[in-house]
Each structure stands twice: as structure tokens, then as C-alpha cells.
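Engineer: Below you will find the structure I want to go over with you.
The values are calculated or read from the model by the stated rules, or taken from the named source; none is laboratory data. None of these values were measured; they are calculated from a predicted model. Counting neighbours? That spans all protein chains shown, and the Cβs are built from the backbone with ideal geometry, glycine included. We work out accessible area using only protein heavy atoms, side chains counted, and drop any ligands, DNA or RNA first. Shrake-Rupley method; radii C 1.70, N 1.55, O 1.52, S 1.80 Å.
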Amino acid sequence: DGGITQSPKYLFRKEGQNVTLSCEQNLNHDAMYWYRQDPGQGLRLIYYSQIVNDFQKGDIAEGYSVSREKKESFPLTVTSAQKNPTAFYLCASSIGTNNVYEQFFGPGTRLTVL
Amino acid sequence: AQSVAQPEDQVNVAEGNPLTVKCTYSVSGNPYLFWYVQYPNRGLQFLLKYITGDNLVKGSYGFEAEFNKSQTSFHLKKPSALVSDSALYFCAVRDTGGSYIPTFGRGTSLIVHP
């Protein structure tokens, strides 16, 4: 899983709660990404960031928020507005925004709504 | 627009036999193509990529992939499968003239039987 860490590994949320998933990388990568993985649906992009203090919505951003105050950190908040948050969340990074660069993934956080 | 298809949800192969996991793509320009592997409850690991040049790309753990422009395919192959190769495999594509955000396939579950 390279130089990307995600915490916690497992997270349980009650209805109506906001929770924050941590993602840290020590690879000195400029670009970072958040994906949601559900069985049989592959990876869906939530948010991405090309550089510090900048981020863009992905395909399924509703009910989520992010920040990019430091190059190495890209936390994801799952808000109470996200109606079906139970899923496996993956953080990734790449050297930059050139198309040739592969992505490096963290180990994931499994979020369960109780 | 870019898209990728993995036509098989699951591939079964006996240990020692060759394996193929299929991927087809659609792009407006030229493709950059990637294969990743995911073991249970883990993040994705990069296997190999095609950027340009030789159509046969060699990657990690004995895997290789063949780029076929006329068939718009990028199938993953290995001459002799191991039980430890059992995992979920994802193909991803970027359009050279488009965004650096890749599009992932839905994944193919490879099961190697002893």
C-alpha cells in the first residue's frame, strides 16, 4: 500500500453523525483522490485535489466534503446528508496530473452505518 | 469521453494454467491503460501500464498485458496461474487528450483453483 496511510481501518457511524476519514501520504505527491467502492460497482470518484488548497468534485460528491490544507493530507468528511454511506473508502495519490502517472492507493477504510 | 469495460465478473482457472482477464476501452484520442490488483480488504496495487511503444507490457508478479489498438483491448495475461493470484483486478483508462482522472472498470474476480 505504498506510502499512503488511512485511518481508521474500520469505522462505525450512527445515523445523523458526521465522520472524518483520514488520509496521509509521504510520497510528496501533488495529486490526491477519494474513491468509494461498493460490491460490483468498481471505484467511483468522490473528490480529487491537484494541489494544496484546491479540490474538485468527482462523480458522487453529494454528502461528502474534503480539505487540502497540507500537501500530505486529504481528509474526507462523510456528512449526515449522505444517505447511504456504508462502503469501502479508498484514498489514492499520484505524482502529478500528467496522464502517464499511475495511482498509489491506501489500505482503505470500511465505514458502516449502524 | 473515456470508458472501459471488463466483460467478465469472474474468471476461474486452474493453478498452472494460463490466465487472461479481459479489458476493452473507448477514448477520443489515444489511451493510457493501467491494470491494478486488489486483495480482500486492501487497497489497489499497480501492476502495469501502457503509455506508448511496445504493445506487450510486462509488469509485477509475472503479469503482462497486450495492447491491441484495432480491437481497443488491453487484456491482462499470465502464463502460469498461482493460487495466490486470486484477487480482484481492475483495468483503468485515461484519454491522452482528456482529464488526468482515470476511469476504472467494474473489476474482475480471478479465482485460481488448486
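Engineer: Find how many whole Å separate the alpha carbon centroid of region A:49-114 from the alpha carbon centroid of region B:8-22.
Structural biologist: Result: 32 Å between the Cα centres.
Engineer: Can I ask one more? Residues of B:37-44, mean number of Cβ from any other protein chain within 10 Å of their own Cβ, rounded to a whole number?
Structural biologist: Values: counts 0, 6, 0, 0, 6, 7, 16, 12.
Rounded to a whole number, the mean comes out at 6.
Engineer: Additional query: How large is the accessible surface per residue of chain A, computed with a 1.4 Å probe and reported in Å² as a whole number?
Structural biologist: 46
Engineer: Just to be sure I follow: if Rg is taken over the C-alpha atoms of chain B and Rh is the Kirkwood radius over the same atoms, what is Rg/Rh?
Structural biologist: 0.96
Engineer: Something else now. At 7 Å along the Cα-to-beta-carbon direction for both A:E62 and A:N84, put a label point, then send me their distance in nm to one decimal.
Structural biologist: 1.2
Engineer: Consider a paramagnetic label point 7 Å from the Cα of B:E15 along Cα→Cβ; state which residues of region B:69-96 have an amide N under 19 Å from it.
Structural biologist: B:78-88
Engineer: Here is a further query. Calculate the tail of P(r) for chain A: the fraction of all Cα-Cα distances greater than 26 Å, expressed in %.
Structural biologist: Pairs farther apart than 26 Å: 12 percent.
Engineer: Taking a 1.4 Å probe, which of B:I111, A:I46, A:I51 shows the most accessible area, and what order do the others take after it?
Structural biologist: Of B:I111, A:I46, A:I51, the descending order of accessible area is A:I51, B:I111, A:I46.
Engineer: Averaging over every viewing direction, what projected area does the convex hull of the Cα atoms of the protein assembly as shown cover, in nm²?
Structural biologist: Projected over every direction and averaged, the Cα hull of the protein assembly as shown covers 12.3 nm².
Engineer: If you rank B:Y32, B:Y50 by how much accessible surface each has, with a 1.4 Å probe, what is the order from largest down?
Structural biologist: Sorted by accessible area, descending: B:Y32, B:Y50.
Engineer: Counting only protein heavy atoms and a 1.4 Å probe, tell me what percentage of chain B's accessible area is made up of carbon and sulfur.
Structural biologist: 49
Engineer: Summarise the accessible area of chain A (1.4 Å probe, protein heavy atoms) by the percent that is carbon and sulfur.
Structural biologist: 48
Engineer: Let me ask something else. Roll a 1.4 Å probe over the protein chains and send me the accessible area per residue for chain B in Å². Write down the numbers at each step before the final one.
Structural biologist: Details: 5200 Å² over 114 residues.
Here the residues of chain B average 46 Å² of exposed surface.
Engineer: Let me ask something else about it. Per-residue accessible area for A:E69 at 1.4 Å probe radius, Å² rounded to 10?
Structural biologist: 140
Engineer: So, one more: Which residues, if any, in region B:80-113 have at least 20 Å² less accessible area in the whole protein complex than in the isolated chain, probe 1.4 Å?
Structural biologist: Flagged in region B:80-113: B:F90, B:R94, B:Y100, B:I101, B:P102, B:F104, B:R106.
Engineer: Tell me, which residues of region A:1-34 get at least 10 Å² less accessible area when the other protein chains come in, versus the chain alone (1.4 Å probe)?
Structural biologist: The answer is A:D1, A:K9, A:Y10, A:Y33 - residues whose exposure falls by at least 10 Å² when every protein chain is included.
Engineer: Buried accessible area between B and A (1.4 Å probe, both chains summed, ligands and nucleic acids excluded), in Å² to the nearest 100?
Structural biologist: 2000
Engineer: Here's something else I'd like to know. Thinking of region B:56-111 as a set of Cα atoms, what percent of all their pairs are more than 14 Å apart?
Structural biologist: On the way: 984 of 1540 pairs.
So the pairs more than 14 Å apart make up 64 percent of the total in region B:56-111.
Engineer: Do the alpha carbons of any pairs in A:K9/A:K83; A:K57/B:K22; A:K9/A:K71; A:K14/A:K57; A:K9/A:K70; A:K9/A:K57 sit beyond 28 Å of each other, and which pairs?
Structural biologist: Pairs exceeding the cut-off: A:K57/B:K22.
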